[in-house]
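Q: There's a structure below that I have some questions on.
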Amino acid sequence: MVHALQQIHRLLKPGGRLIDIHPFVEAPLIEIHQGGEIAVAGQVPSYAVEDIQQAENALKHVVEHGLFAVERAREFDFRLYASTVVELHEFLTEAEAFANSPLDEAATAQEAELAAHVEGLMRAAGEGAEVAHYEKVRIARLRPRS
């Protein structure tokens, strides 16, 4: 990952900036939204903590070694809403289609268990309930140093 950031540094036009957006290391939550109320159903069990940690370490490395300077950084909440658990699952499956490592049997079973739990919460919440995938995200604008 450091190599990719070095290549970006080399390819940026004068005055160009690198925008980095990545989630926190903590696993995202699955929430149920109904009538202004939010209930947390659980954490995503198959979260790639190692990948996020590697990204953070690579960014830290290129800043500490003078390749980039952080001009501005912020954190924000990111929620992806769906009307059903199936709809959310299909979207997330498509989004993760090119993930580095497929889920093992244990993670697949944990995800199925969470989905069943969320389905029950959605039924209990009643008509109009939505399910959301919630995560904290960091965004930073980095300026290349000479």
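Throughout, read-outs are computed from the coordinates displayed, never taken from laboratory work. Keep in mind that what you see is a predicted model, and the values were worked out from it rather than measured. In this analysis, Cβ positions are derived from the backbone assuming ideal geometry, glycine residues included, and neighbour counts consider all displayed protein chains.
Q: Given a Förster radius of 35 Å and the C-beta distance between Ser83 and Ala48 as r, what FRET efficiency does 1/(1 + (r/R0)^6) yield to the nearest 0.05?
A: Efficiency for this residue pair is about 0.85.
Q: Oh, and also: Can you tell me, using C-alpha contacts under 8 Å and at least 6 residues apart, the relative contact order of region 65-146 as a whole percent? Walk me through the intermediate numbers first.
A: Values: 79 pairs, mean separation 56.2, N = 82.
Dividing the mean separation by the residue count of region 65-146 yields 69 percent.
Q: With an 8 Å cut-off on Cα pairs and a minimum separation of 6 or more residues, tell me the relative contact order of region 2-144 in percent.
A: Details: 207 pairs, mean separation 66.8, N = 143.
Contact order relative to length: 47 percent.
Q: Within the chain, which whole H helices from DSSP have a Cα span along their axis of at least 20 Å and a mean Kyte-Doolittle hydropathy of -1.0 or more, if any?
A: 49-64, 105-125
Q: Further question on the same structure: Run the quick spin-label model on Val137 and Glu105: label points 7 Å from Cα toward the beta carbon, then report their separation in nm to one decimal.
A: So the label points at Val137 and Glu105 sit 3.6 nm apart.
Q: Shifting gears a bit: Taking the structure as given and computing semi-axes √(5λ) of the Cα gyration tensor in Å, which label from [x] 36, 17, 12; [y] 52, 14, 12; [z] 60, 18, 12 fits?
A: Comparing each candidate, only [x] matches the computed number.
Q: Say each of Met1 and Ala39 gets a label point 7 Å from the Cα, pointing the same way as Cα to Cβ; how far apart are those two points in nm?
A: Distance between label points: 3.6 nm.
Q: Continuing with the same structure: Report the full-extension gain for the segment Glu90 to His22: residue separation times 0.36 nm, less the Cα-Cα distance, to one decimal in nm.
A: Numbers: separation 68, 0.36 × 68 = 24.48 nm, distance 2.14 nm.
In short, 22.3 nm is gained.
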